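J.: Got a structure for you, written out below as structure tokens; questions coming shortly.
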Amino acid sequence: MHQPEFTFDDIRFADGPATFERARKLYQTGKVKSISETRTGYAATVQGTHPYSVRLSRKRIDEGNCDCYLGQHEKLCKHMLALGLAVLSASGKTDKTANEPPAPVDLAEAKKLVNAGMQKLQPYNGPSHVWFNYQRRLATGAGIIAHAVSALPPTRQNADYLWRLIERIDRKLLNGVDDSDGFVGDSARQIIQQLAGYAKQSPELEPVIRKHTTRKTNFNFEKDLQSLL
């Protein structure tokens, strides 16, 4: 089977955690059947409430269709995500479909994931008909970033890095990222909550973290942090 261009993280962060877990359960319980390759991607039958006919692009997890209710309304569904997981496994591209990898606790590893997520946060300059795909890409990038740093322990080095990350996100938003659905802002607020948690877990870090509240951002993230301290 030809390898897809989408990744496990593209599937994991394409929608909310609940949808992803439903999709993973479908995949893990063998509900994705009769996978075949098409000219542009993959097709299968996914057994849900009914057997659904699902097609998926080789390029993107959100390019495809399903004859379930959501799919008929051109929305990404758990059946498409389940097929994506099955394709990743069958193509040998990943072994993460069985057990979700934990968030890194090493800053160097976290930075690699953050940079991968940042690459998806690009300004929007396309036509209106691809706007939803653009928002999906933002959601994936924001999810990767927030997950990448979520398990970092409270140290001064990590606290300083998290604030620099907030500033990077702030610049992305200033320079044309169309965060109309709020995915990028939500990831920034998760990181801010993590910083506030550091201050409570390790009181010696509070003065260091509080100092960041004096650094002006374009979207007032420093005020969000100040309100939590």
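The values are calculated or read from the model by the stated rules, or taken from the named source; none is laboratory data. Not measured: the values here are computed from a predicted model. Glycine also receives a Cβ, built like all others from the backbone with ideal geometry; neighbour counts cover every protein chain displayed.
J.: Name every residue in the stretch 165-216 that is among the small types (Gly, Ala, Ser) and in contact with a Pro (Cβ under 6 Å, 6 or more places away or on another chain), in order of residue number. Before the answer, list the steps.
T.: Looking only at the stretch 165-216, we keep the residues that are among the small types (Gly, Ala, Ser), and these are 176, 180, 182, 185, 187-188, 196-197, 199, 202.
The answer is Gly176, Ser202.
J.: Would you confirm, using the coordinates I've provided, whether Phe183 is of a type outside the set (D, E, K, R), assigned by TED's automatic domain parsing to the domain that holds His147 and under 20 Å from Asn133 (Cα atoms)? Break it down into steps so the answer makes sense when it comes.
T.: On the way: of a type outside the set (D, E, K, R): yes; assigned by TED's automatic domain parsing to the domain that holds His147: yes; under 20 Å from Asn133 (Cα atoms): yes.
The answer is yes for Phe183.
J.: Something else: If I filter the stretch 64-113 down to residues being modelled with pLDDT of 90 or more, acidic (Asp, Glu) and in a loop (DSSP other than H, G, I, E, B), which single residue comes out as nearest to Gly141 (Cα to Cα)?
T.: Among residues in the stretch 64-113 that are modelled with pLDDT of 90 or more, acidic (Asp, Glu) and in a loop (DSSP other than H, G, I, E, B), the one nearest to Gly141 (Cα to Cα) is Asp106.
J.: Any residue that is touching a helix residue (DSSP H, G or I) at 6+ places or on another chain (Cβ under 9 Å) and touching a residue at least 60 places away in the same chain (Cβ under 8 Å) - is there at least one of those in the stretch 184-199?
T.: Of the stretch 184-199, the ones touching a helix residue (DSSP H, G or I) at 6+ places or on another chain (Cβ under 9 Å) are 184-199.
Filter once more, keeping what is touching a residue at least 60 places away in the same chain (Cβ under 8 Å): 184.
Within the stretch 184-199, one or more residues are touching a helix residue (DSSP H, G or I) at 6+ places or on another chain (Cβ under 9 Å) and touching a residue at least 60 places away in the same chain (Cβ under 8 Å).
J.: When only residues in the stretch 118-171 that are of a type in the set (Phe, Trp, Tyr) and within 16 Å of the chain's Cα centre (by Cα) count, which is farthest from Ala108 (Cα to Cα)?
T.: Result: Phe132.
J.: For the condition basic (Lys, Arg) and touching an Asp or Glu at 6+ places or on another chain (Cβ under 8 Å), what is the one hit in Arg168, Arg189? Can you show your working first?
T.: Details: Arg168 fails: touching an Asp or Glu at 6+ places or on another chain (Cβ under 8 Å).
After applying the criteria, what remains is Arg189.
J.: Then there is this: If you go through the stretch 27-43 one residue at a time, do you hit one that is under 19 Å from His147 (Cα atoms), surrounded by 13 or more Cβ atoms within 10 Å (Cβ to Cβ), touching a Ser or Thr at 6+ places or on another chain (Cβ under 8 Å) and touching a residue at least 12 places away in the same chain (Cβ under 8 Å)?
T.: Filtering the stretch 27-43 down to residues under 19 Å from His147 (Cα atoms) leaves none.
No: zero hits.
J.: Could I ask something else about it? Pairs, please: C-beta under 7 Å, at least 6 apart or cross-chain, first residue assigned by TED's automatic domain parsing to the domain that holds Ile35 and in the stretch 53-73, second of a type in the set (D, E, K, R)?
T.: Once the first residue is assigned by TED's automatic domain parsing to the domain that holds Ile35 and sits in the stretch 53-73, its partners that are of a type in the set (D, E, K, R) give Ser53/Asp67; Ser57/Glu63; Arg58/Glu5; Lys59/Glu5; Ile61/Asp10; Asp62/Arg136; Gly64/Arg55; Asn65/Arg55.
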